[in-house]
Amino acid sequence: MNELIHVFAGPSLPPSAAPARDFVVYHPPASQGDVYALVASRPLAIAIVDGYFERVPAVWHKEILYAMSRGVHVFGASSMGALRAAELADFGMVGVGSVFEDFARGRLQDDDEVTIVHADETQDFRPGSEAMVNLRATLARAFECGVLSSDAARQLTGYAKSQFYPDRGYPALLAWAKSHLSPPEEESFRGWLVNKANRVDVKRRDALALLNVLQDFAATNPAAKAVPWHFHHTDAWEQVRRNVSVITSPGLPTIVGSEARVLAELAARPELHARLQQEATLRALRVRAAKQDGYVPTESDMQAALADLCREHRLTDATALDAWLRRQDATQADLERLLGDEACARRSSKMPVSVAKLDVLDLLRINGTYAELRSAESARAGLPKGGNE
C-alpha cells in the first residue's frame, strides 16, 4: 500500500481551482473501470467527486466494493461521489458534505439534483448548466435574506426542478421570475443574484470539505481498509471486469517504496529473476483461466490454501501470521487476494491430463521442439524420418 490518494474531479472542482496536495493525484471525472484500474497500484484511498454517466458508463458500485475489499479506503462527496457514498455507506464508503447527507437521509432522491453538462478538461470542465442542488440552496438563501417570499422561492424551485438538467441555470430562473413575480420582487431578486457571491455552490463547497477530510485522514497514518463482508467474484463481475480491462488499458501499476526496492534487488539477480518471471507468468495464466471458467473459491478452498501457507512457512498461530504479513509488506486484504488466487491456480493445475498434453504439444510446435523430438523418437524406433505410423 502506498500513501497516495486519487481524487476524481471535474466541474465541481476543476483543475484551475483544485488545491495542490502532496498526497493527492487528481483525475478527470470517474467512469466505469477507473476505480478498478487504480486498485492494482494499492493506493491509500480513492475519492470520487465527479463522474461521467449516460454516454459514458458510470463508475460501478461493484468496483468500489472491490476496492474496499482490497484494503483501499473510498470516499465520496459533492456529485457522483455523494450518490455512490449514500448508496454504499453501509458497506464502508465514506461520504462527506451536505449533498451526501441529503441523499443518505432521503431528503434528496433524484440523480438529476447533481447532474450538469460541462466542457472537457481542455476547457477546465467549464459548466454549461447549473446543478439543481446549487439552485435549490441559492433560492433558499434568497428567502433567508428577505429577497424572495417563501411562495416565490418555492415556485422558482419548482420551476427549476421541472426543467431538463441541461437547461437549468440562473438566466432561465431570471427569465421565469420576470414573467411570474411582481416587478419589485423580480428586480430585487435580479439585483441580488447579479452579485455572484450570493450564489451558493454546494458542490464546490463539499468538494473542498472532502479535501480537508482527506488531509486529516492521511495525517493519521491509517491502516488498510478492513471490511466485515466478503467480496463475491460473480460471473457478472468477471465479465464486466474483463471488458473494463480491455477498454481502460490501465497499464502497469505504480509500484513504490519497499516493493520497488525488492523488485530492484530481484533484477540484480538475473537467474533468479528469469526463473521467478516464468513462474509468475504461469501462475497468472492459471489464475486467469480459473476465473474465466467462472470458478469462485469456496471458504474451504481458501482455508486449505491458508493451511498450506502456514505449514510451508511454519506459522503456528495468528500472531505468527500477522508478523509474516508485516515482513511481506502485506495486509489482511492482500492475504485474502493471495489465497483466492492460489485457490484459482490450484484448480487450473488440476485440469484433465488430456488437455494438459494438448497444451504441451502446442508448446512444442510453437517453439520448434516438436520436429526435433519427433526425429529423435523415429531414430530410436528405427523408423524413417518423417514416416507415418
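None of the figures in this text is laboratory data; all of them are computed from the coordinates on show. This one's a predicted model, so the numbers in the text were calculated from it and none came from an experiment. Cβ coordinates were reconstructed from backbone atoms using ideal geometry, including for glycine residues, and neighbour counts include every protein chain displayed.
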Legend entry - Restricting the range 301-335 to trypsin sites (Lys or Arg not before Pro) in coil, as DSSP defines it, with at most 16 other Cβ within 10 Å: R314
Inset, instruction - Compute the acute angle (0 to 90°) between the alpha-carbon long axis of helix 183-194 and the principal axis of greatest extent of the alpha-carbon atoms of the chain; round to the nearest 10°. - result: 40 degrees
Inset, instruction - Using a 10 angstrom cutoff on alpha carbons, build the Gaussian network for the chain and name the most mobile of E342, E187, E63. - result: E187
Legend entry - Highest-fluctuation residue, D329, D308, D317 considered, GNM on the chain with Cα pairs under 10 Å: D317
Inset, instruction - Answer with one residue from H180, A345, G368: the one whose Cα lies farthest towards the positive end of the charge dipole of the chain, charges on Cβ with Lys, Arg +1 and Asp, Glu -1. - result: G368
Legend entry - Listed residue (A379, G128, F189) projecting farthest to the positive dipole end of the chain, Cβ model: A379
Inset, instruction - Treat the count of other C-beta atoms within 10 Å as a stand-in for reagent exposure and order K161, K203, K225, K196 from fewest to most. - result: K196, K161, K225, K203
Legend entry - Per-peptide average of other Cβ atoms within 10 Å, ordering 29-42, 67-80 highest first: 67-80, 29-42
Inset, instruction - Can you tell me the FRET efficiency between Q123 and A379 if r is taken as the Cβ-Cβ distance and R0 is 45 Å, rounded to the nearest 0.05? - result: 0.05
Legend entry - Antiparallel %, DSSP beta bridges [both residues in the chain], to 5: 5 percent
Legend entry - Pairs from K62/K203; K161/K196; K161/K225 whose Cα-Cα separation, in the structure shown, is over 30 Å: K161/K225
Legend entry - Sorted by Cβ neighbour density within 10 Å, fewest at the top, the residues M132, M302: M302, M132
Legend entry - Gain on full stretching of the segment that runs from D151 to A264 - 0.36 nm per residue minus C-alpha separation: 33.8 nm
Inset, instruction - Over the residues of the chain, compute the C-alpha Rg and express it relative to 2.2 N^0.38 Å. - result: 1.35
Legend entry - For the range 256-349, size of Cβ-based charge dipole, Lys and Arg +1, Asp and Glu -1, in debye: 280 debye
Inset, instruction - Would you kindly derive the ³J(HN,Hα) couplings of the range 262-267 from the backbone phi angles with the Karplus curve 6.51 cos²θ - 1.76 cosθ + 1.60 (θ = phi - 60°), listing them in order in whole Hz, with x for Gly and Pro? - result: 5, 5, 5, 5, 5, 4
Inset, instruction - Would you mind calculating the relative contact order of the range 127-198 from Cα pairs under 8 angstrom and at least 6 residues apart, reporting the percent as a whole number? - result: 38 percent
Inset, instruction - Please give the helix 353-366 orientation as an angle from the longest Cα principal axis of the chain, in degrees from 0 to 90, rounded to the nearest 10. - result: 90 degrees
Legend entry - Choice from I46, I116, I366 with maximal GNM fluctuation in the chain (Cα, 10 Å cutoff): I366
Inset, instruction - In vacuum, with every alpha carbon of the range 256-349 counted as one equal point scatterer, what does the Debye formula give for log10 I(q)/I(0) at q = 0.15, 0.16, 0.19, 0.20 Å⁻¹? Two decimals, please. - result: -0.73, -0.82, -1.09, -1.15
